[in-house]
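Heads up: the structure comes next, in C-alpha cells.
Nothing in this text is a laboratory measurement; each read-out follows from the coordinates by a stated rule. Note that the structure is predicted; figures quoted are calculated from it, not measured. Neighbour counts are summed over all protein chains in view; Cβ atoms, including those assigned to glycine, are modelled from backbone coordinates with ideal geometry.
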Amino acid sequence: MWILDKKFKKEITSLIKRECANYDSQFCGINHYCCMVDTTCIFFRENQEVGRCKYFEKGVLPLEDDLESGYRIYHSKDQGSTTSSKPAKPRIKCERCGTYVKANSNRQRYCDSCKKHSDKEKARLRKQKSRSETQNVTI
C-alpha cells in the first residue's frame with residue numbers, strides 16, 4: 001500500500017476519469033466504479049492508501065509521460081522495501097520543466113539539467129546586481 005500526496009493523487013484520478021475504459025462514475029449505486037475489481041476503484045477510496053492496478057499502469061498511465069515517471073519513481077523498489085536501511089528519496093516535480101525526479105534532499109527544487117540553468121541564471125542576476133551597486137556609488 002502507498003500513501004499519495006493530494007496533488008499527485010488528483011492528477012492520477014483525473015487521468016483515470018478521462019482515459020480509463022474500466023472506470024464508470026456511478027454504476028449500481030457504487031461511485032467511482034471499476035469493472036476490473038467490481039467495486040470502487042482503488043484510486044478513489046476514502047483512505048489515502050493506494051494499491052496498484054496493472055491495467056492502469058499498462059494501459060492508461062503511458063498516456064502521460066510526466067505522470068508516469070513520477071508514478072514509477074513513487075512506486076520504485078526502495079519505496080516499499082523493509083530490508084533497506086536508508087529511507088526512500090522523496091519524489092519532487094521540477095519547478096522549471098515539470099518532470100518528476102528523485103530528490104537528493106527535501107529542499108531540492110529542480111532536476112539536474114534545470115539546476116545548471118537555474119544556477120547560471122542566479123549567478124548572472126547576482127553579478128548584475130553587484131555591478132549596478134558598485135556603479136551607483138558616488139565619490
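Values as computed for the structure displayed
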quantity: Packing-based exposure ordering (other Cβ within 10 Å, fewest first) of Y71, Y110; calculated: Y110, Y71
quantity: Gain upon complete extension [R124, S25; 0.36 nm per residue less C-alpha separation]; calculated: 30.5 nm
quantity: Within-10-Å neighbourhood charge of R109 [Cβ basis; K, R +1; D, E -1]; calculated: +3
